[in-house]
Every structure is written in structure tokens, then in C-alpha cells.
Amino acid sequence: MTALAKATGDAVLKFEPFVLHVLCQELQDAQLLHSVAIDSGFRNSGITVGRGGKIMMAVRSTHCLEVPLSHKGKVMVSEEYIEFLIHTANRKMEEN
């Protein structure tokens, strides 16, 4: 709260989800891994094939959180709400 009160611009609490990039030799390998990731709840997963034929499978979680806390130096939330956000972000980290 002390650091937030000293902020002169916009402050945001941001929690980004788990991401795992896997380089695959064959497209079939990436497709199998993609199916396993989706079935395991990693709904934002996907396959990318680069110009040189490099096949990359990204396993991505959906557990994100982005909340503005201050705007132009003015704190927009209470200390109680920040504690709630921290608890929520920590729970998302455990789920990751």
C-alpha cells in the first residue's frame, strides 16, 4: 500500500498464466501433445509452424488476472481488496 500510494501513474496487478513451449520433430507429435494439453484443461494451447518448418507446441493455462489499482496516481481500490486480489493470484499460481 505504501508503494501504491507513492505511484504517480497507473498501477496494475498482473498475473500471467503458465506457458510451456515444446519444439516437436513431427506434426503428429505436436498434435498428440496438443490433445493431451486440451484434455488436461489447458484450453489456450496451440501449434505453430514456422517458415523453416519448425513445429512449436505451446501449452498455455487460462489462469490470468489483470486489475488496475491506481489511475494517474490516485489509488482506486481498498487495502482489503488488494489482499483479496493477492489471495486470488496466489490460488491461481497454485492451480498453474
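Taking amide hydrogens as modeled 1.01 Å from N in the peptide plane, which residues meet the under 5 Å criterion relative to Met76, leaving out close sequence neighbours?
Answer set, sorted by chain and number: Ser70, His71.
If one takes the longest principal axis of the Cα atoms in the chain, at what angle in degrees, from 0 to 90 and to the nearest 10, does the Cα axis of helix 79-95 lie?
The angle comes out near 20 degrees.
Once phi is turned into ³J(HN,Hα) by the Karplus curve 6.51 cos²θ - 1.76 cosθ + 1.60 with θ = phi - 60°, what whole-Hz value does each residue of the stretch 14-26 show in order, with x for glycine and proline?
Whole-Hz 3J(HN,Hα) from phi for the stretch 14-26: 10, 10, 9, x, 4, 9, 10, 9, 10, 7, 10, 6, 10.
Helix 27-39 against the longest principal axis of the chain: what's the angle in degrees, Cα atoms only, rounded to the nearest 10?
Once rounded, the angle reads 40 degrees.
Taking the Cα centre as origin and putting +1 on Lys and Arg beta-carbons and -1 on Asp and Glu beta-carbons, what dipole magnitude results for the chain, to the nearest 20 debye?
Here the chain has a charge dipole of around 380 debye.
Quick one: how many Å² of Met93 are accessible to a 1.4 Å probe, rounded to 10?
In the full protein context, Met93 sits at about 120 Å².
Can you work out the PRE-style zone for Ile47? Point 7 Å along Cα to Cβ, and I want the residues of the stretch 4-31 with backbone N under 18 Å.
Once the point is set 7 Å along Cα→Cβ of Ile47, 20-31 turn out to lie under 18 Å by backbone N, inside the stretch 4-31.
Counting only protein chains, not ligands or nucleic acids, how are Ser40, Ser70 ordered by accessible area (probe 1.4 Å), most first? Before the final figure, lay out each step's value.
Numbers: Ser40 75, Ser70 5 Å².
These residues rank, largest area first, as Ser40, Ser70.
Dividing the Cα convex hull volume of the stretch 27-96 by residue count, how many Å³ per residue is that? Intermediate values should be presented prior to the final figure.
Details: hull volume 7.5 nm³, N = 70.
Normalising the Cα hull of the stretch 27-96 by residue number yields 107 Å³.
The values are calculated or read from the model by the stated rules, or taken from the named source; none is laboratory data. On a predicted model such as this, the values are computed, not experimentally measured, just so you know. Please note: Cβ atoms are built from the backbone with ideal geometry, for glycine as well, and neighbour counts cover all protein chains shown. Heads up: the accessible areas ignore ligands, DNA and RNA and are worked out on the full protein's heavy atoms, side chains in. Shrake-Rupley method; radii C 1.70, N 1.55, O 1.52, S 1.80 Å.
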